[in-house]
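Below is one structure; the comments refer to it alone.
The values are calculated or read from the model by the stated rules, or taken from the named source; none is laboratory data. If you're wondering where the values come from, they're calculated on a predicted model, not measured in any experiment. Note: ideal-geometry Cβ built from the backbone for every residue, glycine included; neighbour counts use all protein chains shown.
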Amino acid sequence: MTKRTILALALAIGLLGAAPAPAPGQFPAASVTTLPNGVIVTAQISDDAPIASAQIFVPAGLAQQTPQTAGVAAVTASIVMRTPTDSGMSLADEAASAGGSIDYEIDPETTRFEIESRAADLPRLLNALAHAIAKPDLTRFALARTEIVNVAGDDEKNPARVAYAMVRQVRYRGTGFAYPQAGRVTALARLTPADVTRFAALYQHGKGTIVALTGALTTADIDSAGAAFAAWPASAAPPAAAPALDTRQSQIIAHRDITAPWLALGFAAPSQFSQDFPTMLVIEALLGRGGGARALSFGTSNQAPADDFAGAYYQYDANPGTLVIFFNGGSGDMETAVRQAEQGIIRLRGQPLPAELVARARKLALGEYYLSVTSLSDAAWMLGRSARSPDGVAFENALAARIAAVTPADVQRVAKHYLGNETIAIVLPTSTSPSPLR
Amino acid sequence: MQFPRGAAAALIALALAGSADASRASAPSAARVLAPGESVLQDGLTLVVRRATLSPTAALQVWIVCPSSGYSTPKPGLARLTALGIVASKVNGVSLREAVRAAGGELMVSVFPSSTEIAVLAPAGEVDALADTLLARVLHPVIDEAGFREAKLRLAEQQQIALNSADVVLRDGIFGNLFVDGPFHVSTYGTPNDLRSLTLVDTQGFTALAYVPDNEIVVAVGGGLDEAAMSERVGRAAPIPVSATTMPRSTEGKISSGPVPVGNADDAGVALGWFGPPATDKRTSTAMDFLSDYLTRPDSGVVARAVKASDPTATFSGQFITLRDTGVFYMTVTGGTHTSAAMAEIMRAAVKPLLDAPMSRRDFARAIEMFRTHTLRDAQTPQQLADNYGWYFAQGNTSYAPSVTSLDLRGDYYAQVAALTPRAIYDAARTYLGSTPVTATVAPRVQSPTTTSFLP
């Protein structure tokens with residue numbers, strides 16, 4: 001196999017874990033190999049325990065759905081999990097029977113399959129996953145669709161997810177990311193196995209596929225991971241449609257069977273590979289802790305209850321990104337809270353903040369960034385994201401340095417550029433009438 | 001295994017001795033064996049430094065072995081109020097909570113019946129400065145008036161959440177019935193009445209008895225930590241040695257066979273609770289951990305699956321808790337549509353095959369591999385690894401912690417796992433899960449708008 005090795009560290013002897021610990025505040029060094037078909041295989045080795053994690057990014061996500069197939073991304077991923085392996089068990093059961101797990105998360109432009117297992121089991125599970133992605137078992141279509149219809153129904157009862165969907169509906173009009181993440185029940189009812197086949201074909205492009213590995217891995221394990229995806233065509237996925245630009249202020253109201261109103265304020269924001277990304281992370285810290293894009297993603301390992309959403313959430317996986325601030329009417333005076341948030345944004349846009357305040361926010365943003373990587377799975381996700389970035393795996397450490405360099409002038413500039421017209425999504429109890437914002 | 005953080009930390013506490021029957025006699029206490037990376041300073045303070053290379057964070061924790069309800073007349077909530085007061089009190093105008101936040105870290109306070117944990121998770125680059133602050137504030141605790149008032153407010157909020165959580169009320173109920181007194185008999189949160197009666201002097205008196213080097217371990221886990229430098233740092237901060245006060249024991253109660261109503265909460269629910277072996281009986285404790293994984297792990301546990309199959313809307317949880325004197329195995333089901341009696345029967349029926357005969361070699365081989373992998377996966381982050389050391393220190397045996405291992409699974413815990421057999425599992429199951437469990441029930445609370453002031 002011919003490979004272009006960009007950076008290979010300590011790959012010499014069997015287990016690579018003898019790599020030195022990184023300096024405090026630095027991410028561990030990573031190896032990166034680009035296969036001839038464009039698949040990027042990247043790995044961070046640790047010898048902390050004999051377990052490992054993988055995140056496989058394939059280049060088809062929510063944005064690639066059409067109005068007629070809203071929900072196909074989730075159904076396809078679910079079928080992959082249900083596809084039998086050589087043992088006859090489903091992929092998910094195969095992993096579970098070894099004490100490991102396989103999950104999926106669907107982001108705006110990618111689907112991620114996550115594996116965590118004993119390091120010795122990882123190559124076998126990765127191989128099984130690659131086969132299931134290449135040939136999902138369509139006999140599982142009905143079961144998978146029923147599962148996703150149920151999830152879509154549950155999402156409809158979750159006021160935070162409803163509010164988030166309403167913000168996306170406005171901000172991503174014209175793309176598949178504008179629909180509810182689990183899809184629409186009507187579209188799901190019309191979905192066919194052929195739709196799944198077409199969507200699964202979007203997964204299989206060498207360019208845009210990332211295999212990110214972390215844990216107690218050997219050179220052979222890493223090579224084996226690459227080999228599992230080496231046969232994919234050396235093509236690139238078609239780009240997702242760009243959302244229709246809408247600069248107007250929007251307000252949408254929906255009613256649901258809930259006890260207290262919910263509200264989400266949505267703003268434009270830079271995507272994760274924008275030069276303005278670090279500044280927006282500092283702004284997010286200034287506005288109050290919520291979460292990052294992973295907290296908003298959809299999949300088997302992330303179904304947070306509504307009450308867990310509070311504060312500013314930054315969807316930076318999408319292009320363009322979105323900043324969403326959630327308010328739960330059951331936990332206080334919503335009107336006052338919304339006004340305070342809007343006044344805060346006016347202040348951000350109005351003039352440079354005191355340097356001391358921005359310095360504190362930088363610390364918070366840096367802390368949030370570092371603390372988002374504590375598990376093998378976190379590390380694999382971060383590594384895969386970095387490998388997708390224009391900076392490559394150097395992105396991890398470069399982003400920390402960029403956050404640390406954000407100035408009050410940057411904050412004002414970015415706030416003025418992005419935090420203009422807001423989208424207001426209000427979810428009211430069915431029995432309530434007008435908007436809580438008078 | 002150990003208590004989960006937060007809500008589950010709601011559990012219990014108090015005193016008397018071993019009415020344990022002969023079949024559950026403790027193994028003889030062994031001389032203390034230090035874990036790799038563990039050291040005991042001259043004043044009695046214990047320190048563990050452990051490398052974890054993949055995360056750019058570090059976990060710093062101080063665990064204090066102490067009764068949650070105090071040493072003499074039970075004062076439920078005292079240890080929690082004290083810890084919250086310590087982290088809220090200001091030195092040079094800054095509290096520990098503020099200092100951690102300003103450095104981009106997170107501070108967590110967890111209180112268990114027989115130990116308190118004050119933990120920091122922070123970017124690795126902030127560790128040195130935060131370690132100095134954490135050690136100064138916790139090893140030399142000060143609680144001022146303002147910190148005490150803030151602690152009361154926070155504890156009142158936590159009580160509200162705990163009192164509404166069916167899972168927490170059930171676990172408190174299980175412990176409250178398994179033990180008739182001592183720190184394991186009462187909730188670590190206490191009641192609003194308990195909170196109202198606690199004073200600043202109570203907390204200050206408690207720190208003088210509890211926060212002494214013999215009771216304390218400092219755990220540091222992260223990449224690039226220098227064991228010698230951390231040891232020196234801890235040594236500089238260590239307090240003057242003071243003799244530790246004996247922990248009140250919790251007396252095992254007599255189990256009645258009928259269901260015991262233990263309160264009201266947001267949901268209905270039922271729990272089963274059994275006594276388990278002491279932590280000194282490592283062979284049986286490890287067997288109970290295996291049983292816990294096999295029966296109660298979400299998704300794969302036999303009982304968890306039986307409950308889900310019966311009612312997908314019900315919520316199941318359960319685990320074996322390794323404790324110094326008497327372990328506890330419990331399972332809870334909350335929500336759902338079945339009656340408490342029906343759910344209790346579903347749980348009992350799912351356990352029964354393990355009591356009837358040893359597992360087949362094939363099933364056991366598969367289950368033990370799953371158990372090993374689950375245990376490794378559950379102790380992978382700096383915080384999980386540090387928690388693990390702290391918990392097992394509090395149970396008297398740090399070197400038995402699952403965290404104490406290597407790539408080839410060396411260490412006491414995995415040696416115990418390797419020695420497990422279907423017969424050992426069967427014996428442990430029959431001895432402990434074959435006895436009559438406490439059955440606790442909780443009823444849905446009737447919503448009422450009343451509030452209770454907790455401030456003096």
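On inspection, residue B:186 does not qualify as outside the structural domain of residue B:385 (by TED's automatic domain parsing) and assigned to a strand (DSSP E or B).
A single entry from B:406, B:399 fulfils the requirement of being surrounded by fewer than 24 Cβ atoms within 10 Å (Cβ to Cβ) and in contact with a helix residue (DSSP H, G or I) (Cβ under 8 Å, 6 or more places away or on another chain): B:399.
For the range A:85-100, state whether one or more residues are under 26 Å from residue A:318 (Cβ atoms) and either hydrophobic (A, V, I, L, M, F, W, C) or away from chain B (no Cβ under 11 Å) (or both). Within the range A:85-100, none of the residues are under 26 Å from residue A:318 (Cβ atoms) and either hydrophobic (A, V, I, L, M, F, W, C) or away from chain B (no Cβ under 11 Å) (or both).
Exactly one condition in (1) more than 14 Å from chain A (Cβ to nearest Cβ); (2) within 29 Å of residue B:414 (Cβ to Cβ); (3) part of a loop (DSSP other than H, G, I, E, B) is not met by residue B:338; state its number. Going through the list (1) more than 14 Å from chain A (Cβ to nearest Cβ); (2) within 29 Å of residue B:414 (Cβ to Cβ); (3) part of a loop (DSSP other than H, G, I, E, B), residue B:338 breaks only (2).
For the structure I just gave you, tell me whether residue B:367 is surrounded by fewer than 16 Cβ atoms within 10 Å (Cβ to Cβ), out of contact with any Leu (no Cβ under 8 Å at 6 or more places or on another chain) and more than 30 Å from residue B:191 (Cβ to Cβ). No. In the range B:71-116, what residues are touching a strand residue (DSSP E or B) at 6+ places or on another chain (Cβ under 7 Å) and in a loop (DSSP other than H, G, I, E, B)? Once the filter is applied, which keeps residues that are touching a strand residue (DSSP E or B) at 6+ places or on another chain (Cβ under 7 Å) and in a loop (DSSP other than H, G, I, E, B), the range B:71-116 yields B:74, B:89, B:103, B:104, B:105, B:113, B:114. The set of residues in the range B:204-225 that are within 14 Å of chain A (Cβ to nearest Cβ) and either surrounded by fewer than 23 Cβ atoms within 10 Å (Cβ to Cβ) or among the small types (Gly, Ala, Ser) (or both) comprises B:220, B:222, B:223, B:224.
Every listed requirement among (1) out of contact with any Pro (no Cβ under 7 Å at 6 or more places or on another chain); (2) more than 13 Å from chain B (Cβ to nearest Cβ); (3) farther than 22 Å from residue A:139 by Cβ is met by residue A:116 save one, (2). The single condition from (1) touching a helix residue (DSSP H, G or I) at 6+ places or on another chain (Cβ under 6 Å); (2) modelled with pLDDT of 95 or more that residue B:309 fails is (1). Take the conditions at pLDDT 90 or above and either crowded, with 16+ Cβ neighbours inside 10 Å or within 24 Å of the chain's Cα centre (by Cα) (or both) and apply them to residue A:192. Does it pass? No; evaluated as a whole, the condition is false for this residue.
The single condition among (1) buried (at least 24 other Cβ atoms within 10 Å of the Cβ); (2) within 30 Å of residue B:259 (Cα to Cα); (3) within 14 Å of chain A (Cβ to nearest Cβ); (4) among the hydrophobic types (A, V, I, L, M, F, W, C) that residue B:161 does not meet is (1). From the list B:228, B:238, B:265, the one residue that fits, being more than 14 Å from chain A (Cβ to nearest Cβ), surrounded by fewer than 21 Cβ atoms within 10 Å (Cβ to Cβ) and in contact (Cβ under 8 Å) with a residue 40 or more places away in the chain, is B:238. Could you say whether any residue in the range A:317-330 is part of a helix (DSSP H, G or I) and either away from every other protein chain (no Cβ under 12 Å) or at pLDDT below 90 (or both)? Taking every residue of the range A:317-330 in turn, at least one turns out to be part of a helix (DSSP H, G or I) and either away from every other protein chain (no Cβ under 12 Å) or at pLDDT below 90 (or both).
Quick check: is even one residue across the range B:192-201 closer than 21 Å to residue B:393 by Cα, modelled with pLDDT of 95 or more and in the same structural domain as residue B:130 (by TED's automatic domain parsing)? No, every residue in the range B:192-201 fails to be closer than 21 Å to residue B:393 by Cα, modelled with pLDDT of 95 or more and in the same structural domain as residue B:130 (by TED's automatic domain parsing).
Here's the yes/no breakdown for (1) touching a residue at least 24 places away in the same chain (Cβ under 8 Å); (2) among the acidic types (Asp, Glu); (3) under 25 Å from residue A:140 (Cα atoms); (4) in contact with a strand residue (DSSP E or B) (Cβ under 7 Å, 6 or more places away or on another chain):
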residue	(1), (2), (3), (4)
A:42	yes, no, no, yes
A:45	yes, no, no, no
A:50	yes, no, no, yes
A:79	yes, no, yes, no
A:82	yes, no, yes, yes
A:125	yes, no, yes, yes
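Does residue B:98 satisfy the condition of being surrounded by fewer than 21 Cβ atoms within 10 Å (Cβ to Cβ), closer than 30 Å to residue A:404 by Cα, among the acidic types (Asp, Glu) and under 23 Å from the mean Cα position of the chain (by Cα)? In short, no.
Out of the range A:362-417, which residues are more than 10 Å from chain B (Cβ to nearest Cβ), surrounded by fewer than 23 Cβ atoms within 10 Å (Cβ to Cβ) and among the hydroxyl-bearing types (Ser, Thr, Tyr)? Within the range A:362-417, A:389, A:407 meet the criteria. So is residue B:405 among the hydroxyl-bearing types (Ser, Thr, Tyr) and more than 14 Å from chain A (Cβ to nearest Cβ) or not? Spelling it out, it is not the case that residue B:405 is among the hydroxyl-bearing types (Ser, Thr, Tyr) and more than 14 Å from chain A (Cβ to nearest Cβ). The combined condition, being free of Cβ contacts under 8 Å to residues at least 24 places away in the same chain, facing chain A (nearest Cβ under 10 Å) and in contact with a strand residue (DSSP E or B) (Cβ under 9 Å, 6 or more places away or on another chain), is fulfilled by residue B:373. Of the residues B:455, B:385, the single one that is within 23 Å of residue B:58 (Cα to Cα) and either at pLDDT below 95 or assigned to a helix (DSSP H, G or I) (or both) is B:385. Going through (1) touching a helix residue (DSSP H, G or I) at 6+ places or on another chain (Cβ under 8 Å); (2) modelled with pLDDT of 95 or more; (3) over 19 Å from residue A:364 (Cα atoms); (4) not aromatic (Phe, Trp, Tyr) one by one, residue A:282 falls short only on (3). Within the range A:75-124, being within 18 Å of the chain's Cα centre (by Cα) and farther than 28 Å from residue A:195 by Cβ holds for one residue alone: A:116. The condition of being closer than 22 Å to residue B:173 by Cβ, at pLDDT 95 or above and in the same structural domain as residue B:267 (by TED's automatic domain parsing) does not hold for residue B:424.
Given the structure, is residue B:149 in a helix (DSSP H, G or I), more than 19 Å from the chain's Cα centre (by Cα) and within 14 Å of residue B:81 (Cα to Cα)? Spelling it out, residue B:149 is indeed in a helix (DSSP H, G or I), more than 19 Å from the chain's Cα centre (by Cα) and within 14 Å of residue B:81 (Cα to Cα).
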